[in-house]
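Read-outs throughout are calculated quantities, based only on the coordinates presented, and are distinct from any laboratory measurement. Because the structure is predicted, anything quoted here is derived from the model rather than measured. Because the Cβ atoms are built from the backbone with ideal geometry, glycine has one as well, and the counts that use them run over all protein chains shown.
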Amino acid sequence: MIEGTGFGYIIVNGVRYDHDIVVHVDGSVTKRKKELSKPYKKGVHTPLAPPEIEEILDENPEIVIIGSGQYGALPILDETIKLLEEKNIKYIIEKTPKAIEEYNKLSKEKRVAGIFHVTC
């Protein structure tokens, strides 16, 4: 259960994280591995690139929820979306507060993984 978020943090199961996170299908939480996407970086933000998505695809999620930041500024590469579509994985991209609502609702019924950006 994701309890909340604000600029620069997210709270999952009572634990505050001050960095981007991945919530795995089993509900465990890890730090987002931005280094996998750094080779694709062109501006200020590290985009969400296919190598980051590939890691969670091994968990066979039905849905991947992407929290694109408090203001929706996380760049998501077209190749990332294409990979999800090729694997027939449904995805939801929303600003992080809305993405959390979707995650909390859908994770009760489906195999859901999420990547949540906590700043811009």
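So between residue 86 and residue 120, what do we pick up on full extension, going 0.36 nm a residue minus the alpha carbon distance?
9.4 nm
I want the local charge near residue 37. Using Cβ-Cβ distances under 12 Å, sum +1 for each Lys or Arg and -1 for each Asp or Glu among the other residues.
0
Quick check on the chain: of the DSSP beta bridges with both residues there, what percent are antiparallel, nearest 5%?
If I count the DSSP bridges inside the chain, around 50 percent turn out antiparallel.
Just to be sure I follow: if Rg is taken over the C-alpha atoms of region 1-62 and Rh is the Kirkwood radius over the same atoms, what is Rg/Rh?
Rg divided by Rh gives 0.99.
Please go through the residue pairs 41/87; 41/98; 42/110 and name each one whose alpha carbons sit more than 30 Å apart in this structure.
42/110
Which parts of region 96-120 would a label at residue 79 reach, counting a residue when its backbone N lies under 20 Å from a point 7 Å out along Cα-to-Cβ?
115
Which distance in Å, rounded to a whole number, links the C-alpha centroids of region 82-120 and region 18-76?
Using only Cα atoms to place each centre, the spacing works out to 10 Å.
Any chance you could run the full-extension gain for residue 26 through residue 108? It's 0.36 nm times the residue separation minus the Cα-Cα distance, nm to one decimal.
Computed gain between residue 26 and residue 108 is 28.4 nm.
To the nearest 0.05, how large is the calculated FRET efficiency for residue 101 and residue 41 if R₀ is 25 Å and r is the Cβ-Cβ distance?
0.30
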